[in-house]
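See below for the structure under consideration.
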Amino acid sequence: MKKLVGLIGYPVSHSMSPEMQNAAFQKSGLPFFYEKYEVHPDRLEEAVNDLRTKGFAGWNVTIPHKQAIMPFLDEISEGARKIGAVNTVVNEHGKLVGHNTDGAGFVKGLKRHVHFPIEHANVLIIGAGGASRAIAYALAQAGPKSIVITNRTMEKARDIHNECLRKQDSVMGLEEAEASLSGFQIVINTTSIGMKNDGSTPMDLSLLVPGTVLSDIIYNPFKTVFLQEGEQRGAVIDNGVAMLVLQGALAFEKWTGVQPDVELMEKILLEKLGGNYVNR
């Protein structure tokens, strides 16, 4: 008997998660089927109740429901509560439990490129939106030497520091961060600036040290101007593909208790990307 999982959001038409997840289910020999469901914000509570009644094993949650869904769930994991957003729901015998795999997926992908002990790294995170919050929380669990959040407006950065980070971590204005760039071994852009593909970047990289790991959570364009410039300056670059794949792989594992074929999921995503922006 097929077990149903899926994605809810508004819109979801461009999501590649069904192709990626269904291939992994098939490869693992699991009787799961993943579909996407467009849910208008006004119908969210109704949709959650419907998915529960129909016995869905779980589902992913994307924009704009990641925060709004939380009151309709029975339990929220500590990480999702600290991050303030849910991207994965697991139905545990009728109890709906919310998790967030975005940050953990990002960190797993980042570690592919970090060829030094992460405990020795000073990390700079650019931006203070939802992605920044998830990444900051997950990175703090990985234990780098320090994490600094920089943002044009400081209030949101301070909120992330207070709610998701540690005492040794801090916030910094954008100009100060640019002037201090040589002191960071890992630099992560969590803003959407690179999506415009208009030549703009989130910060000046003049003082970037060769060998710095430079990450951008955008994957379309595949290599943002920020990453291109960093690569020219000798950085080790990382785009958002791994985060997309690995957050999905962690959700797969939460639903099934089985680790999926991540290489297959990544291969399918890269084949599908082809130039069109997608939600997840």
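Couple of notes before you dig in:
- Residues in the stretch 155-169 that are open to solvent by 40 Å² or more (accessible area, probe 1.4 Å) and either in contact with a strand residue (DSSP E or B) (Cβ under 6 Å, 6 or more places away or on another chain) or among the small types (Gly, Ala, Ser) (or both): 158, 161, 168.
- Filter pass, residue 63 being touching a residue at least 60 places away in the same chain (Cβ under 8 Å), over 13 Å from residue 6 (Cβ atoms), surrounded by fewer than 19 Cβ atoms within 10 Å (Cβ to Cβ) and within 20 Å of the chain's Cα centre (by Cα): yes
- Contact map, the stretch 251-270: first residue closer than 17 Å to residue 222 by Cβ and open to solvent by 30 Å² or more (accessible area, probe 1.4 Å), second residue in a helix (DSSP H, G or I) and among the hydrophobic types (A, V, I, L, M, F, W, C), Cβ cut-off under 7 Å, separation 6 or more or different chains; pairs are 266/241; 266/245; 270/241.
- Each residue in the stretch 115-147 was checked for being over 20 Å from residue 203 (Cα atoms), open to solvent by 20 Å² or more (accessible area, probe 1.4 Å) and in a loop (DSSP other than H, G, I, E, B), and 5 pass.
- Residues of the stretch 67-98 that are aliphatic (A, V, I, L, M) and part of a loop (DSSP other than H, G, I, E, B): 68, 69, 73, 85, 86.
- Test: residue in the stretch 223-243 that is at pLDDT below 95, among the β-branched types (Val, Ile, Thr) and within 15 Å of residue 111 (Cα to Cα): yes
- Restricting attention to the stretch 192-222, the residues that are open to solvent by 30 Å² or more (accessible area, probe 1.4 Å), among the hydroxyl-bearing types (Ser, Thr, Tyr) and modelled with pLDDT of 95 or more add up to 1.
- Selection status of residue 57, at pLDDT 95 or above, open to solvent by 10 Å² or more (accessible area, probe 1.4 Å) and under 22 Å from residue 256 (Cα atoms): yes
The values are calculated or read from the model by the stated rules, or taken from the named source; none is laboratory data. For clarity, every value in this text was computed on a predicted model and none was experimentally measured. Counting neighbours? That spans all protein chains shown, and the Cβs are built from the backbone with ideal geometry, glycine included. Note: areas computed on protein heavy atoms with side chains; ligands, DNA, RNA excluded. Shrake-Rupley method; radii C 1.70, N 1.55, O 1.52, S 1.80 Å.
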